[in-house]
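Have a look at the structure below, then the notes.
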Amino acid sequence: IIRDMEDFSCAVFAADGVLVAQADYIPAQLGAMSLVVGSVLGRWGEEIDEGDVFIANHPYMGAMHTPDINILQPVFVEGRLFAWTGATAHHLDVGGVNPGTEGPDLREVYAEGVILPPIRLYRRGQDNRDIFDLLSENVRDPLSTISDLRAQRAACALGDRRIGELIDRFGKGAIATGFRQAIDAVERSTRALLKELPDGEVEADGFMDDDGRGGPPTRIHARLIKEQDRLTVDLSGSASQVSGAFNVPWASTRAAVVYALRAMTDPSITANDGLLRPLQIVCPRGSVLNPNPPAAVSVRHNTCQRLADVLVRAFSDLWPNSAVASSTVTFAAMNLSSSAPGSGRRSVLSDVLGGGTGAHADGPGLDGVDTYMANVGLMPVEVAETNYSVRVLRTELIEGSQGRGAFDGGRGIRREYLILDGPEVATYYAEQTNERFRPSGVAGGGDAAPSRVTVLGSDGRPRDLPQKATIEVEAGTIVRFETSGGGGFGRPSEPVRAGG
């Protein structure tokens, strides 16, 4: 999931933990990592030494969910803390009751694998063997996990060297000034963009199919108040935290707001904490978007996708000239305990499927991509079949899954996995299987089709199962995902001139 699907991000922070720059690989991780650096500083303060490297994945200490592990390295210059480098990545498995760690029906974060507050993975440049040994005995694929952690640490070390090269060339004073100016420049740009756009107050809402445990739909609500160069995002109308694992820790909620603001103003703006300065986010504790511990959060990304869509819907009402139809927020996923066909080495298959993006005034949506805040790649068939005892029977775009319009939305994806060995444990989930909550069109465009998950037993007959579940599967089982497309833009009979 890191090597082939690129579910990771790297970043540079100032000494106080403020985000200076972050790669735009995974928008869900934008605006989040600086909270983890703040937790490291708050816990260790003056005890941080040169050569230390910290690890953390605690969802209630700035992280997003336990599979997203943060590795952070302090950068020292002349014996003083000068900056931080960081890499966050989604790991195949961090333990817990389910292979792949996630589970929509989990109740508490304690079921979601090893929880790591900010602690040292390396002490003054040396392995902290206690932590490596602890992790190796608590995850299902220690070879992959430990190797990926070392790769993250190597990325941080490279960042440290690059900062050192800049300081050698320009001096530490110039680089420190450059950090401050980069953040200030993003703030100024964001304020200028907001000031150019119309003021107003709008509301929008959307719903999750359920709470992860078969409960009622979960409401996500946003109220936007835009005044001059400031934006208030009030999320207090959203549902209270739920009993399943669809709760969203604060880091991910903040990242969703940052994503939507960039997407609807200027996506080319550098990603740093200057984006947060014109923002006020209102979201009370105990909300599904800001839960109290120990609420489960492992499947929080589906809720983040719905929040992103609600924010895009609200921005489209506030700024009609920038309106865009809804993209899929299905985020279909499967985690499967399995083994490599050749070596027999045990591991966990972890795959996610995108769908269609919404159409807009400049053209149709995109087919078969991981929308909004996700942006991970689709696992190559060769990788799946080489590393796991599965066969991918088909991967295809679904004609008719898109919303029609003057410009059509993008198409969703159909993918089928044949389980070759069993029994194994599979966790699968998808959103927008309720037709009421399918992606919506805009400006008269049509809605997209809903999503669907079908599990066929070894006898070829569909099993009577919910759309989100952790189940035991036998050899010969087929798991079929069909994801929704994007909404259409404009009435089909009324062609829209590019540019509005």
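Quick notes on this structure:
- Extension gain from residue 177 to residue 134, taking 0.36 nm per residue of separation minus the Cα-Cα distance: 11.4 nm
- Of the peptides 254-265, 204-215, 135-146, the ranking by mean beta-carbon count within 10 Å, highest at the top, reads 254-265, 204-215, 135-146.
- Probing with 1.4 Å while keeping every protein chain in the model, the per residue accessible area of the chain equals 38 Å².
- Global form of region 125-246, assessed from the alpha-carbon gyration tensor, a/c cut-off 1.5: oblate
- Cβ-based net charge around residue 125, under 14 Å, with every Lys or Arg adding one and every Asp or Glu removing one: +2
- Ellipsoid semi-axes for the chain, based on the Cα gyration tensor and the rule √(5λ), read 34, 31, 19 Å when sorted largest first.
- Restricting the calculation to Cα atoms, region 242-290 yields a radius of gyration followed by a Dmax of 12.5, 38 Å.
- Sequence of 226, 195, 172 when ordered by accessible area, the most exposed leading, probe 1.4 angstrom: 195, 172, 226
- Charge tally in the Cβ shell below 11 Å around residue 375, where Lys, Arg are +1 and Asp, Glu are -1, residue 375 excluded: -4
- Local electrostatic count at residue 4 - Lys and Arg +1, Asp and Glu -1, tallied over other residues with Cβ under 11 Å: -3
- Whole-number D in µm²/s for region 86-154 (Stokes-Einstein; Kirkwood sum over Cα pairs; 20 °C, 1.002 mPa s): 166
- Considering only Cα atoms, the convex hull volume of region 396-500 works out to 106 Å³ per residue.
- Shape category assigned to region 165-228 from the gyration tensor of Cα positions, a/c cut at 1.5: oblate
- Here the label points at residue 232 and residue 6, each 7 Å from Cα along the C-beta direction, are separated by 4.0 nm in the simple model.
- Region 21-128, Cα convex hull volume normalised per residue, Å³: 109
- Region 285-325 versus region 48-110: alpha-carbon centroid distance in Å: 23
- Fraction of accessible area attributable to carbon and sulfur, the chain (%, probe 1.4 Å): 47
- Value at 222 nm in deg cm²/dmol, rounded to 500, when DSSP H runs of n ≥ 4 in the chain each add -39,500 (n - 2.57): -7500 deg cm²/dmol
- Highest mean packing comes first when the peptides 90-103, 40-53 are listed by Cβ atoms within 10 Å, giving 90-103, 40-53.
The values are calculated or read from the model by the stated rules, or taken from the named source; none is laboratory data. All figures in this text were calculated on a predicted structure; none of them were measured in a lab. Quick reminder, even Gly has a Cβ in these numbers, built from the backbone with ideal geometry, and neighbours come from all protein chains shown. Note: areas computed on protein heavy atoms with side chains; ligands, DNA, RNA excluded. Shrake-Rupley method; radii C 1.70, N 1.55, O 1.52, S 1.80 Å.
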